[in-house]
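Colleague: Pasting in a structure now, in structure tokens, and then I'll have a few things to ask.
The values are calculated or read from the model by the stated rules, or taken from the named source; none is laboratory data. Note that this is a predicted model, so its numbers are computed, not measured. Quick reminder, even Gly has a Cβ in these numbers, built from the backbone with ideal geometry, and neighbours come from all protein chains shown.
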């Protein structure tokens with residue numbers, strides 16, 4: 001099975017392949033993709049949903065095809081030394097294939113050359129995955145800062161000093177933080193995404 005597919009002029013990788021490569025259940029990869037798509041800053045063009053019919057039982061199941069950017073965004077949460085090494089090599093291979101496609105070289109490759117190229121991708125499997133543990137002190141600081149940004153406050157307000165309206169907003173931001181951390185597994189990446197989402201100031205109705 002080829003890991004990277006050429007579809008309508010784009011290089012894509014399937015969610016099923018990602019599940020196999022990172023030794024995850026496919027349903028968990030689908031969950032992570034859907035969580036990303038729920039977040040308003042995620043470009044929907046990164047992921048293409050498709051229905052696939054199982055040849056053995058004729059049942060339909062969902063699969064996503066993703067671009068290099070989609071793969072990069074999703075794989076941010078799959079951490080660990082070996083996983084990181086794999087992602088770097090895999091993204092480099094994406095870049096090589098894109099360059100070949102632009103130069104129209106991919107169409108002139110022999111079947112044996114194409115198989116050799118894809119075999120290289122299949123050999124880059126991660127062995128372990130170690131996800132960063134959530135730091136709730138850091139999470140609370142980030143969430144409180146997001147409340148400050150969103151309400152255009154002059155300074156950050158502690159949870160104990162927040163109004164009921166501010167607490168409702170804070171609870172929503174915390175839910176977003178935890179959901180994103182579950183996917184990305186990196187507090188720095190989550191912080192940037194949260195601040196980007198909530199950086200537009202609004203006024204509370206008094």
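Colleague: Conditions first: (1) part of a helix (DSSP H, G or I); (2) farther than 30 Å from residue 200 by Cα; (3) modelled with pLDDT of 60 or more. Residue 115 passes all but one, so which condition is the exception?
Modeller: Tallying (1) part of a helix (DSSP H, G or I); (2) farther than 30 Å from residue 200 by Cα; (3) modelled with pLDDT of 60 or more, residue 115 fails exactly one: (3).
Colleague: While we're looking at this one, here's another question. Tally up the residues in the stretch 174-188 that are touching a helix residue (DSSP H, G or I) at 6+ places or on another chain (Cβ under 9 Å) and under 13 Å from residue 134 (Cβ atoms), please.
Modeller: Of the residues in the stretch 174-188, 10 are touching a helix residue (DSSP H, G or I) at 6+ places or on another chain (Cβ under 9 Å) and under 13 Å from residue 134 (Cβ atoms).
Colleague: Okay, next question. What do you reckon, is residue 167 part of a loop (DSSP other than H, G, I, E, B), more than 24 Å from the chain's Cα centre (by Cα) and at pLDDT 75 or above?
Modeller: No: the conditions fail for residue 167.
Colleague: Scanning the stretch 6-61 for residues that are modelled with pLDDT of 80 or more, surrounded by 11 or more Cβ atoms within 10 Å (Cβ to Cβ) and more than 19 Å from the chain's Cα centre (by Cα), which turns out nearest to residue 78 (Cα to Cα)?
Modeller: Filtering the stretch 6-61 for residues that are modelled with pLDDT of 80 or more, surrounded by 11 or more Cβ atoms within 10 Å (Cβ to Cβ) and more than 19 Å from the chain's Cα centre (by Cα), the one nearest to residue 78 (Cα to Cα) comes out as 61.
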